[in-house]
Amino acid sequence: MKIKLNIWKQENGKTKGKFEKYELDGVDAEMSFLEMLDYLNEKLITEGKEPVAYEHDCHEAICGCCSLYINGHPHGPGKETATCQVHMRSFKDGETITVEPWRAKSFPVLKDLMTDRNAFDKLMSAGGFVSIDAGQAPDANANLVGKIDADKAFDAAACIGCGACVAACKNSSATLFVAAKVSQLALLPQGKIEAKRRALNMVAKMDELGFGSCTNTGACEAECPKGIGIDFIAKLNREYLCASFSEAE
Amino acid sequence: MSKLDAKIPEGPLAEKWAKYKATQKLVSPNNRKKLDIIVVGTGIAGSPAAASLAEMGYNVKVFCFQDSARRAHSVAAQGGINASRNNKNDGDSVYRLFYDMIKGGDYRAREANVYRAAQVSSNIIDQLTAQGVPFAREYGGTLANRTFGGVQVSRTNYAQGQTGQQVLLGGYSALKRQVSLGKATMFPRQQMLDIVVIDGKARGIITRNLITGEIERHAAHAVVLATGGYGTIYYLSTLAVQSNGSAAMAAFRKGAFFGNPSFIQIHPTCIPVLNEYQSKLTLMSESLRNDGRIWVPKAEGDKRKASEIPDEERDYFLERRYPAFGNLVPRDVASRAAKERCDNGFGVGKTGLAVFLDFRDAVAKQGKKVIKGKYGNLFDMYEKITGEVPYETPMMIYPAGHYTMGGLWVDYNLQTTIPGLFAIGEANFSEHGANRLGASALMQGAGDGYFIAPYTVSNYLADEISNKVPSTDSPEFVEAENEAKAVLDKFLSIKGTQTATSFHKRLGQIMWTHSGMQRNEEGLKKALVEIADLKKEFWSDLIIPGTANEINQELEKASRVADFIDLATLIVNDALNRKESCGAHFREESRTEGGEAMRIDDEYSFVAAWEYQGADKEPKLHKEDLKFENVEVKVRSYK
């Protein structure tokens, strides 16, 4: 198949970017989207042109590196799909495909389709952990965790930290990311002890890092490659509210 | 040829580690803050090591090439993590786990290290659980377990099919906590280019900042490499596309011995190659073999759909050949059996290079809901890639390059032959012998990181408390930086016509053909010639756009491919040297009448540790003789 590409090119964080047009022939419908970009890049390099910089690593929808905004959707077409799982069979012959980086104040563009998502690491450092040193842990069966809670905590913990929720949100809010971590740990007995502090600190950090507020449009849930639901945002709100009204630690 | 000292503590096997800990040298809490440690890599070994050392009070600098410590490829481990907790009351014990690993590794691993790995396995599950890792639970709230290949007990803990992700995020969160406390500093998007050795000791590293292109010098009292495996040498493998062997090769060039480089696991259950542009192969967890049955048609070249082939015309070849373990034989055995069927014309699919993994009987017996609960995410992943629904049609699978048992040679301290340079997790050669059993990679990596390196690194640092961190202006740093820069400049100056990826693909083809699942002398010798030719071509016709002073992904790739080419030569030399078959290393010249792998214990019961002798010179072989005092060395049989 033959496709037209409209790809965001930007030299670095200091320069202005613009869309560059490419035409690509000989695309196989069974190629993954990333393999199509590799194919484009190999062609550009041998023609002496600049390839397109983009991030990818595991190709199994689990590392969270890939972060392409395809035709107006984070990770492109398909529900609960990361960019690396998108195949060219999802596009029509002759179609024009627009590819952009994540757009969010807290994720500045580094080059072309690469952004700096370090803000997520900072959010995690603000409280996305249980304070336990190696060597202190009690027996794993000492705290019984019911299957329903364990499964629910897993659903929240499945977040791959890609940032699609932020990219999808009109306010560039990281609420779903924070909600997933706060919920996972609040659902488990071992995470409950620090639950209040965690909810307050992570939300404060989110504001400090320039992420927007949540206005409950649900765009994050619709685009999340792991299907993490906004019911966890309700859980975060509850945790945050309870923490706000309880005695300061 | 010299003998290597593995520094194994004296005494009975079960008491060695306790004795080591009771008598090792310690660093007092006040002195720990004067000592700096560099950890390279943030997978299931690196993050726990960095976090645990920081918790003790050392200053830890952590490096990874990804943008975040949460992305290392341990994240993609699917099936589980072993622990000898005997949760199922089915006869498991530390000894049983130790025995299974020694046997699974085909008697080519060091007893003392394997026993220690089994000893700390339960602590890992406790630690991870305390961190908030949501392991699967029974309705009563206790840990759930499943079974993996090559064993007869249920000892595998799991979090659906995303165990690696959950286990890695546990270590990552512990590391983030230390970052918030100021004890650990993160250096993401940094590629390690070299190790700096001063007065015979590892004292720092040279890195390239992948955003600015700047070459940086970092000094410390000790360096821990947790840089993973090199399965991407085949180009197509189950690994992440950026996984590489460059850190290990840098250490090798600086004098660290490389142990058993040719021991590379080929994983039996991967989605087959679908097209020529493919950039990686996707693993389907071994746990699927708990319920999936592997078969091919009995008739050669049978191209009917699976559903049209009646039971009596199906050959469940693993159940036929290995009745005791059936579909749960170890990976090397399953891979070779699938290759044998396909090579003889019984393969299925478009290319004939695939076998069926069928869930028909499991769905009929247990119901779709139960199967979905166990493997839902794996079935979804398969459907997304192939467009087929495994609940209805069998999966098609074929073996692919996966895990490297080989790696930097380390002693009982996990220290390489360079004092102060440690290698942990997949980056070292130690616990898996010639074949790794499923769900023991996370176990070994996490064990090294949480519970072994913190002790052994401390033991080393106890003698360093009066030494200051060397200045990064010292001549050794300057020289290492200049050398690293010269190599990068060389890449950019070639200005040829072929891309780094095209060279990587060709290298992968050479390695898969001659040094993959089956090897023979003729093929291996041919590979050496082909690799040498490819190397010449690479250094004269490589093309890289852009400069070294910016984000340059092609430069990163070229640097990795250059190291892979040298590593390939090392692998092939090692494979040539070992004329026996053992585990994943199958020499066609050494097999039984029944076609099974045949070890030659009299001649090859050793670890091959290779010492660098200079560019394009043959490395020197050192041997660590393996002694088995606690198991009877037998023919490995799964029949």
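The values are calculated or read from the model by the stated rules, or taken from the named source; none is laboratory data. None of the values given here were measured: they were computed from a predicted structure. We place every Cβ from the backbone using ideal geometry, glycine too, and count neighbours over all the protein chains shown.
Report yes if residue A:13 is assigned to a loop (DSSP other than H, G, I, E, B), more than 8 Å from every other protein chain (Cβ to nearest Cβ) and more than 24 Å from residue B:387 (Cβ to Cβ), otherwise no. Before you say what the answer is, go through the steps one by one.
Numbers: assigned to a loop (DSSP other than H, G, I, E, B): yes; more than 8 Å from every other protein chain (Cβ to nearest Cβ): yes; more than 24 Å from residue B:387 (Cβ to Cβ): yes.
For residue A:13, the condition - assigned to a loop (DSSP other than H, G, I, E, B), more than 8 Å from every other protein chain (Cβ to nearest Cβ) and more than 24 Å from residue B:387 (Cβ to Cβ) - is met.
Please verify whether residue B:382 is hydroxyl-bearing (Ser, Thr, Tyr) and closer than 17 Å to residue B:161 by Cβ, treating the condition exactly as stated. It is true that residue B:382 is hydroxyl-bearing (Ser, Thr, Tyr) and closer than 17 Å to residue B:161 by Cβ.
When residue B:480 is tested against (1) assigned by TED's automatic domain parsing to the domain that holds residue B:555; (2) crowded, with 22+ Cβ neighbours inside 10 Å, just one condition goes unmet, and that condition is (1).
Being of a type in the set (Gly, Ala, Ser), closer than 25 Å to residue B:243 by Cβ and assigned to a helix (DSSP H, G or I) holds for only one residue in B:559, B:540, and it is B:559. Scan segment A:77-91 and give yes if some residue there is surrounded by fewer than 18 Cβ atoms within 10 Å (Cβ to Cβ), out of contact with any Phe, Trp or Tyr (no Cβ under 7 Å at 6 or more places or on another chain), more than 21 Å from residue B:174 (Cα to Cα) and of a type in the set (Asp, Glu), otherwise no. Within segment A:77-91 (the criterion being surrounded by fewer than 18 Cβ atoms within 10 Å (Cβ to Cβ), out of contact with any Phe, Trp or Tyr (no Cβ under 7 Å at 6 or more places or on another chain), more than 21 Å from residue B:174 (Cα to Cα) and of a type in the set (Asp, Glu)), the answer is yes, since at least one residue qualifies. Is one or more of the residues making up segment B:463-476 assigned to a helix (DSSP H, G or I), buried (at least 16 other Cβ atoms within 10 Å of the Cβ) and polar (S, T, N, Q)? So far as segment B:463-476 goes, no, none of its residues is assigned to a helix (DSSP H, G or I), buried (at least 16 other Cβ atoms within 10 Å of the Cβ) and polar (S, T, N, Q). Among the residues of segment B:259-282, none qualifies, meaning not one is surrounded by fewer than 23 Cβ atoms within 10 Å (Cβ to Cβ) and assigned to a helix (DSSP H, G or I). Entry remark, segment B:170-203: residues being more than 24 Å from the chain's Cα centre (by Cα) and either at pLDDT below 95 or not in a helix (DSSP H, G or I) (or both) number 12 in total. Residues in segment B:202-216 that are surrounded by 21 or more Cβ atoms within 10 Å (Cβ to Cβ) and in contact with a helix residue (DSSP H, G or I) (Cβ under 8 Å, 6 or more places away or on another chain): B:203, B:204, B:206, B:208, B:210.
Residue-wise test of (1) closer than 30 Å to residue B:322 by Cβ; (2) β-branched (Val, Ile, Thr); (3) touching a Lys or Arg at 6+ places or on another chain (Cβ under 8 Å).
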| residue | (1), (2), (3) |
| --- | --- |
| B:143 | yes, no, yes |
| B:154 | yes, no, yes |
| B:158 | yes, no, yes |
| B:163 | yes, yes, no |
| B:170 | no, no, no |
| B:174 | no, no, no |
| B:184 | no, no, yes |
| B:187 | no, no, yes |
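Among the numbered conditions (1) crowded, with 18+ Cβ neighbours inside 10 Å; (2) hydrophobic (A, V, I, L, M, F, W, C); (3) closer than 19 Å to residue B:262 by Cα, the only one that residue B:488 does not meet is (3).
A quick yes/no check of all residues on (1) charged (D, E, K, R); (2) closer than 23 Å to residue A:83 by Cβ; (3) touching a His at 6+ places or on another chain (Cβ under 8 Å):
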{"site": "A:127", "(1), (2), (3)": "no, no, no"}
{"site": "A:132", "(1), (2), (3)": "no, no, no"}
{"site": "A:141", "(1), (2), (3)": "no, no, no"}
{"site": "A:149", "(1), (2), (3)": "yes, no, no"}
{"site": "A:164", "(1), (2), (3)": "no, yes, yes"}
{"site": "A:169", "(1), (2), (3)": "no, yes, no"}
{"site": "A:188", "(1), (2), (3)": "no, no, no"}
{"site": "A:191", "(1), (2), (3)": "no, no, no"}
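Taking into account only those residues within segment B:145-169 that are facing chain A (nearest Cβ under 10 Å) and modelled with pLDDT of 95 or more, which is nearest to residue B:46 (Cα to Cα)? Taking the candidates together, the pick is B:168.
For segment B:8-20, state whether one or more residues are within 16 Å of residue B:218 (Cβ to Cβ) and either acidic (Asp, Glu) or surrounded by 24 or more Cβ atoms within 10 Å (Cβ to Cβ) (or both). Step through it out loud before you land on a result.
Initially, segment B:8-20 is screened for residues within 16 Å of residue B:218 (Cβ to Cβ), giving none.
Within segment B:8-20, none of the residues are within 16 Å of residue B:218 (Cβ to Cβ) and either acidic (Asp, Glu) or surrounded by 24 or more Cβ atoms within 10 Å (Cβ to Cβ) (or both).
Only one residue in B:261, B:268 is touching a Lys or Arg at 6+ places or on another chain (Cβ under 8 Å) and away from chain A (no Cβ under 14 Å). Which one?
From the options B:261, B:268, the qualifying one is B:268.
Taken over segment A:22-54, the criterion of being among the charged types (D, E, K, R) and within 7 Å of another protein chain (Cβ to nearest Cβ) is satisfied by A:28, A:30, A:35, A:38, A:42, A:50. When you check residue A:150 against the structure, is it in contact with a strand residue (DSSP E or B) (Cβ under 6 Å, 6 or more places away or on another chain), within 23 Å of residue B:83 (Cβ to Cβ) and not charged (D, E, K, R), yes or no? Here the answer is yes, as residue A:150 does meet what is asked.
Across segment A:145-189, the qualifying residues are those that are surrounded by fewer than 20 Cβ atoms within 10 Å (Cβ to Cβ) and in contact (Cβ under 8 Å) with a residue 40 or more places away in the chain, and the one among them that is nearest to the other protein chains (Cβ to nearest Cβ) is A:189.
Yes or no, residue by residue, for (1) in contact with a strand residue (DSSP E or B) (Cβ under 6 Å, 6 or more places away or on another chain); (2) over 16 Å from residue B:543 (Cα atoms); (3) surrounded by fewer than 22 Cβ atoms within 10 Å (Cβ to Cβ); (4) not assigned by TED's automatic domain parsing to the domain that holds residue A:7:
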{"site": "A:19", "(1), (2), (3), (4)": "yes, yes, yes, no"}
{"site": "A:24", "(1), (2), (3), (4)": "yes, yes, yes, no"}
{"site": "A:27", "(1), (2), (3), (4)": "yes, yes, yes, no"}
{"site": "A:32", "(1), (2), (3), (4)": "yes, yes, no, no"}
{"site": "A:37", "(1), (2), (3), (4)": "no, yes, no, no"}
{"site": "A:43", "(1), (2), (3), (4)": "no, no, yes, no"}
{"site": "A:49", "(1), (2), (3), (4)": "no, no, yes, no"}
{"site": "A:57", "(1), (2), (3), (4)": "no, yes, no, no"}
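For segment A:16-62, filtered to residues that are in a loop (DSSP other than H, G, I, E, B) and of a type in the set (Asp, Glu), the residue that is nearest to residue B:381 (Cα to Cα) is A:60.
Restricting attention to segment A:84-122 and to residues that are more than 18 Å from residue B:71 (Cα to Cα) and hydroxyl-bearing (Ser, Thr, Tyr), the residue that is farthest from the chain's Cα centre (by Cα) turns out to be A:96. Take residue B:521 and tell me if it is surrounded by fewer than 16 Cβ atoms within 10 Å (Cβ to Cβ), modelled with pLDDT of 95 or more, not assigned by TED's automatic domain parsing to the domain that holds residue B:279 and not β-branched (Val, Ile, Thr). So residue B:521 passes the test. Yes or no: segment B:543-558 includes at least one residue that is in contact with a Phe, Trp or Tyr (Cβ under 7 Å, 6 or more places away or on another chain) and away from chain A (no Cβ under 14 Å). Within segment B:543-558, not a single residue is in contact with a Phe, Trp or Tyr (Cβ under 7 Å, 6 or more places away or on another chain) and away from chain A (no Cβ under 14 Å).
The residue that is nearest to residue B:109 (Cα to Cα), among those in segment B:432-457 that are touching a helix residue (DSSP H, G or I) at 6+ places or on another chain (Cβ under 7 Å) and among the polar types (S, T, N, Q), is B:435.
All conditions in (1) in a loop (DSSP other than H, G, I, E, B); (2) farther than 30 Å from residue A:37 by Cα hold for residue A:149, with the sole exception of (1).
Is at least one residue of segment B:419-431 small (Gly, Ala, Ser), under 24 Å from residue B:146 (Cα atoms) and surrounded by fewer than 23 Cβ atoms within 10 Å (Cβ to Cβ)? No, because not a single residue in segment B:419-431 is small (Gly, Ala, Ser), under 24 Å from residue B:146 (Cα atoms) and surrounded by fewer than 23 Cβ atoms within 10 Å (Cβ to Cβ). Count, please, the residues in segment B:146-159 that happen to be of a type in the set (S, T, N, Q) and surrounded by 24 or more Cβ atoms within 10 Å (Cβ to Cβ). The qualifying residues number 2.
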